[in-house]
Amino acid sequence: MSASGNKTVIGAFVLGALVLAIGGIVALGSGLLFTEKYDCVMFFENSVSGLEVGAPVVFRGVPIGSVKEISIDADPAHLHFYIPVVVEILGGKVKLSVPKSQTQDKNLMDAEKSNDGNFLKNLIDKGLRAQLITQSFVTGQLAVSLDLMPDTPVRLVGTSRLPEIPTVPSTFEKLTQTLKQLPLEELVHQLIDAVTGIKDLVNSPEIKQLPGNINTILNNGSQILIEVRRKVDPLAQRIDEAAQSFTDLAKHLDHRTEGLTSTADKTLVSLDATLKEGKAAIAKFQKVVNSDSPTVSDLNRALSEIAGAARALRELADYLERHPEALLQGKGGPRR
């Protein structure tokens with residue numbers, strides 16, 4: 001009975017230990033032990049120094065997996081080297097929107113299975129790219145960042161059985177390529193020439209004499225200001241005196257204009273009366289020269305008579321000019 005009881009206690013103890021061990025693994029692994037994983041590969045052309053196995057894989061800053069393997073892939077025909085990096089993406093980390101009628105959330109693995117493996121291809125067509133980013137500038141550790149970059153080209157190597165995600169150069173690599181394209185040697189020569197020119201300018205005799213010239217200019221300016229002040233003070237005093245004289249003159253004119261105002265009023269009254277008389281005289285003259293007035297009729301008749309007399313005299317003069325003997329013999333000719 002004692003041996004049978006001990007076996008039961010030992011068995012229960014071992015079973016409890018196994019349960020605790022499994023629970024600890026699940027708790028420490030946050031459930032990752034039973035999570036489906038999606039392996040894919042990406043090929044980098046340049047150095048991946050700082051990237052280690054276990055480094056995080058993030059999508060827009062959210063961790064969705066880790067680096068599983070780093071190796072080197074050589075192309076003997078073209079002597080070109082690639083660095084394939086195999087990553088492990090947790091299927092449950094990427095959840096997809098589903099209709100409300102569907103109770104269970106779809107994740108990345110479900111979408112890949114339901115689309116016959118075309119889900120990743122569709123993402124690549126939309127611009128899914130992999131890029132190395134810096135985790136810490138102090139340690140230099142790198143991570144793999146996934147994001148949609150539709151404006152970048154699709155570069156696939158296609159030498160692996162795993163699904164491949166295209167890669168793009170990192171920000172540091174882009175900066176390095178830009179610096180390589182710059183004419184650094186020419187820029188350095190130009191910088192040296194500029195520094196030499198500045199050095200020559202600073203050491204030139206004109207620059208050395210500049211402080212003395214500035215002191216001379218300042219002294220001359222001070223003397224000019226003193227001279228101007230000497231001339232301005234009397235001028236300001238004269239202006240004050242002129243202003244005071246103008247004020248006194250204005251007051252004197254105010255007293256004088258009081259009498260002139262009354263005289264001007266009387267003159268205006270007389271001028272008004274004269275204008276009225278002038279208007280009356282003009283009216284009388286218009287009546288006299290009117291075509292219907294008796295004076296104009298008599299004047300027209302007298303002018304007509306004068307015109308008739310003038311015509312008779314002109315005819316007489318013409319006749320005497322043709323017959324001058326008429327002055328002696330008369331108009332009828334010589335008498336027998």
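The values are calculated or read from the model by the stated rules, or taken from the named source; none is laboratory data. Small disclaimer: the values here were computed from a predicted structure and weren't measured. Note that we place each Cβ from the backbone using ideal geometry, even for glycine, and neighbour counts take in every protein chain shown. Just the protein is used for accessible areas: all its heavy atoms, side chains included, with ligands, DNA and RNA removed. Shrake-Rupley method; radii C 1.70, N 1.55, O 1.52, S 1.80 Å.
Quick notes on this one:
- Qualifying residue in region 96-105 (condition: acidic (Asp, Glu), modelled with pLDDT of 70 or more and in a loop (DSSP other than H, G, I, E, B)): no
- Residue in region 184-198 that is loosely packed, with under 11 Cβ neighbours inside 10 Å and part of a loop (DSSP other than H, G, I, E, B) present: no
- Against the test of being modelled with pLDDT under 75 and among the charged types (D, E, K, R), the options 276, 287, 266, 199 yield a single qualifying residue, 287.
- Cβ separations smaller than 9 Å between residues 6+ apart or across chains give the following pairs from region 42-55 residues that are on the phi < 0 side of the Ramachandran plot and assigned to a strand (DSSP E or B) to residues that are surrounded by 14 or more Cβ atoms within 10 Å (Cβ to Cβ) and among the aromatic types (Phe, Trp, Tyr): 43/82; 44/82.
- Counting only residues that are β-branched (Val, Ile, Thr) and under 30 Å from residue 81 (Cβ atoms), region 143-201 holds 11 of them.
- Selection count where residues are open to solvent by 50 Å² or more (accessible area, probe 1.4 Å) and part of a strand (DSSP E or B), scope region 65-74: 4
- Residue in region 152-197 that is nearest to residue 45 (Cα to Cα), counting only those that are small (Gly, Ala, Ser) and in contact with a strand residue (DSSP E or B) (Cβ under 6 Å, 6 or more places away or on another chain): 170
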